[in-house]
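To keep things clear, I will list the structure first and then write my remarks on it.
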Amino acid sequence: MNEYYNIPRVHVKELTDKAFAMARSEEEEGLAADIKGKIEELKDAAVAKIEEANAEIDWGDGEAPEIDREALTIRIPDDIIYTLLKMRLNENDCRNRGYILDGFPRNYKDAQNIFLVRQKQFDPETGEEIEADEPELEEGEEKSFEGFIKDETIMPSSCIVLK
């Protein structure tokens, strides 16, 4: 169907592949550097967990096998997926022809994170935009979408859900 209508298909696998490619890039700043840092944090945590498990195992005369950081399976965090998906939906082909979202968003929370943006606040005296900082969430605390509005640049005007 998407070949006939020439509608871009956006799949989460493509986004995760793009995130890993950005993490391998040599960029020192920007989104690629943020992704690289987050992936390195996740790999460090996975290595620590494996080493902790290996410490409890009796390896006899040998020692624990060496851990290959590159072979570790890391799940890309949702906030990175949200950012990459928003970037993809803002590209010209998606904006002009529409798009097919394949397998994402999985639930209402994902849809809120993708299609809602914080409403811009302006200083009444100078008229300049006030940057709103994202509050740090405690573990288990959900993000509040109070004061958010639809992102009209990527929000679909109509939608078909297939199961």
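The values are calculated or read from the model by the stated rules, or taken from the named source; none is laboratory data. Keep in mind that what you see is a predicted model, and the values were worked out from it rather than measured. For neighbour counting, all protein chains shown are included, and Cβ atoms are generated from backbone atoms with ideal geometry for every residue, glycine included. Please note that ligands, DNA and RNA were not included when accessible areas were found on the heavy atoms of the full protein model with its side chains. Shrake-Rupley method; radii C 1.70, N 1.55, O 1.52, S 1.80 Å.
With +1 on each Lys and Arg Cβ and -1 on each Asp and Glu Cβ, and nothing else charged, work out how big the dipole of the chain is about its Cα centre, in Debye to the nearest 20. Walk me through the numbers on the way to the answer.
Working: 21 positive and 41 negative charges, 311 e Å.
Magnitude of the dipole: close to 1500 debye.
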- Determine, for each peptide in 93-102, 45-54, the mean count of other beta carbons within 10 angstrom over its residues, then list the peptides with the highest first. 93-102, 45-54
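As a test of the formula, what do you get for the chain when each DSSP H run with n ≥ 4 contributes -39,500 (n - 2.57) and the sum is divided by the residue count, at 222 nm and rounded to the nearest 500 deg cm²/dmol? Numbers along the way, then the final one.
Details: 6 runs with 68 residues, N = 163.
So the calculated ellipticity at 222 nm is -12500 deg cm²/dmol.
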- Query: Among Lys13/Lys49; Lys38/Lys109; Lys109/Lys150, which pairs are too far apart, with a Cα-Cα distance over 19 Å?
  - Reply: Lys13/Lys49; Lys38/Lys109
- Note on the structure: FRET efficiency (Met87, Val47; Cβ distance; R0 35 Å; to 0.05) is 0.70
- When the charge dipole of the chain is computed with +1 at the Cβ of Lys and Arg and -1 at the Cβ of Asp and Glu, the Cα pointing farthest to the positive end, of Met87, Tyr4, Ile39, is that of Tyr4
- Given 146-155, 16-25, the highest-first ranking by average Cβ count within 10 Å works out to 16-25, 146-155
- Share of accessible surface on carbon and sulfur in the stretch 1-117, whole %, 1.4 Å probe and ligands ignored, is 49 percent
- Item | Per-peptide average of other Cβ atoms within 10 Å, ordering 36-43, 115-122 highest first | 36-43, 115-122
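Suppose every Lys and Arg Cβ carries +1 and every Asp and Glu Cβ carries -1, with no other charges. What dipole size does the stretch 10-90 come out with about its Cα centre, to the nearest 20 debye?
Working: 11 positive and 21 negative charges, 158 e Å.
So the magnitude is around 760 debye.
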- Task: When you have a sec, figure out the Kirkwood radius of the chain from all distinct Cα pair distances and drop it here in Å to one decimal?
- Result: 19.3 Å
- What distance in nm separates the simple spin-label points at Asp78 and Glu125, each placed 7 Å from Cα in the Cβ direction? 4.0 nm
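How large is the direction-averaged shadow of the alpha-carbon convex hull of the stretch 64-108, in nm²?
Values: hull surface 20.7 nm².
Averaged projected area of the stretch 64-108's Cα convex hull equals 5.2 nm².
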- Item | Label-point separation in nm, Lys163 to Glu66, each point 7 Å along Cα→Cβ | 5.1 nm
- Report the antiparallel proportion of the DSSP beta bridges in the chain as a percent, rounded to a multiple of 5. 60 percent
- With each label point set 7 Å from Cα along the Cα-Cβ vector, what nm distance links Gln112 and Ala21? 3.3 nm
